[in-house]
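Notes to accompany the following structure.
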C-alpha cells in the first residue's frame, strides 16, 4: 500500500460515497454523500489537500486536510468498507501528522459526530482528546452534535 497526493476527483467521489453509504438512511445523512467532482475540485483550488491510499493501483482510502496557521484540520477520512478494520485509517492519519510536522504545524484537529463512538475511540487511541462539543449545521441544513478532537504533534 502506498500513500499519494495525486488523486483523480472521480476516484475520490467513489471512495467517499462508498465509505459514507451507511449514512444514507440516517435521519441526518452525511453531507459527504453530496460530494461531487466539482465540489472536490473547488476545495482543492481553495487550498484543501487530499491524500489517498492505494492498494495495487486501487484507491481504497482518502482524507482531506488544510494546513492553517498553527494547526492542521483533517476531514472526510474515508476507507472503503471492505478495507475497514485493517489499520488503513490509522496509517493515513499518522502520515498526515508527519506531513503537518514537516510543514512546522504541531497541532492536528478533526470534527466527529458525537454519535460516532467508534470514530471517537479510534482517534482517542491515537492520542486525540475532545476539546470542544458543539452543534453544527451541515451542508444539508441539519443540526449535528459534534466533538472537535485535537492532538499535539511532536517531532
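All of the numbers you see were taken from the coordinates with simple rules; none came from a lab. Remember, it's a predicted structure, so these values are computed and weren't measured experimentally. Note that each Cβ is placed from the backbone with ideal geometry, even for glycine, and that neighbours are counted across all protein chains shown.
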Worksheet item: How much of the DSSP beta bridge set in the range 53-143 is antiparallel, as a percent to the nearest 5?
Response: 85 percent
Fill in: Nitroxide proxy distance, nm - points 7 Å out along Cα→Cβ at residue 107 and residue 82
4.1 nm
Worksheet item: Under a plain spin-label model, where a point goes 7 Å from the Cα along Cα-to-Cβ, how far apart in nm are residue 140 and residue 66?
Response: 2.2 nm
Response to the item:
Per its Cα gyration tensor (rounded if a/c is under 1.5, else prolate when a/b beats b/c, else oblate), the range 46-136 is best filed as oblate
Fill in: Correct option for percent of Cα pairs over 29 Å apart [calculated from the coordinates] among [x] 26; [y] 11; [z] 46
[y]
Discussion item. Starting from 0.36 nm per residue, how many nanometres of slack lie between residue 46 and residue 4 once their C-alpha separation is accounted for?
Written reply: 13.2 nm
Worksheet item: If R0 is 30 Å, what FRET efficiency do you get for residue 117 and residue 39 from their C-beta distance, rounded to 0.05?
Response: 0.60
